[in-house]
1. In sequence order, what are the phi-derived ³J(HN,Hα) couplings for segment 15-27 according to the Karplus relation 6.51 cos²θ - 1.76 cosθ + 1.60 with θ = phi - 60°, rounded to whole Hz, with x for glycine and proline?
2. Extent of the chain along each principal axis, from alpha carbon coordinates, in Å, largest to smallest?
3. Rounded to the nearest 0.05, what FRET efficiency do K60 and L32 give with R0 = 30 Å and r taken as the Cβ-Cβ distance? Could you check?
4. Using alpha carbon centroids, what distance separates segment 74-119 and segment 36-70, in Å?
5. Under the rule of -39500 (n - 2.57) per DSSP H run of 4 or more residues, summed and divided by the residues of the chain, what mean residue ellipticity at 222 nm is obtained, to the nearest 500 deg cm²/dmol?
6. Treating the angle as unsigned and between 0 and 90°, give the value, to the nearest 10°, between the Cα long axis of helix 52-83 and the longest Cα principal axis of the chain.
7. Suppose we keep just the DSSP beta bridges with both residues in the chain; what percent of those would be antiparallel, to 5?
8. Once you list every other residue whose beta carbon is under 14 Å from the beta carbon of G73, what net charge do they have if Lys and Arg are +1 and Asp and Glu are -1?
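Readers should treat all values here as calculations from the given coordinates under stated rules, not as data from a laboratory. What you see is a predicted model; the values in this text were computed from it and never measured. Because the Cβ atoms are built from the backbone with ideal geometry, glycine has one as well, and the counts that use them run over all protein chains shown.
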Amino acid sequence: MGQRKSVCIICGKEKEGLEVQDDYVIKAIRWLKRNVTKNEKGNRLVVCRDCYPKYREMRKNYEKRLRQNIALGVIFLVLLLIFSQNKLYAFLVGGGILLLLYLLTLLNYVPQLKVTAEKELKS
């Protein structure tokens, strides 16, 4: 595949930096771009040194929202199971709410880095 361009996910510029981990969200986006839009660029996704502080704050906010939404979804699920007559229906509705809250969190998705910056700065 040759040399891939390194593109910062924050500023969008072609720069070197800390590589982003290819997780299920990025793999799904690459699959969609490859098979549906036929527009996969195959760039190496990174966070450049200049954008790292902004990335760290964005990642922290994403993780906080993820925890909050999952907790809220679990609370809805438990309350529905406790107060509903039809437990199966309550479980399905509660599971749907939990899934919806998780998917809403993905709208502000910020991927994790392959290595932590602390490890990178030490080397």
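1. 8, 8, x, 7, 6, 7, 6, 7, 9, 5, 5, 5, 4
2. 59, 37, 21
3. My answer for the efficiency is 0.65.
4. 20
5. Result for the chain: -18000 deg cm²/dmol, rounded to the nearest 500.
6. 10
7. 60
8. Cβ neighbours under 14 Å give a net charge of +2.
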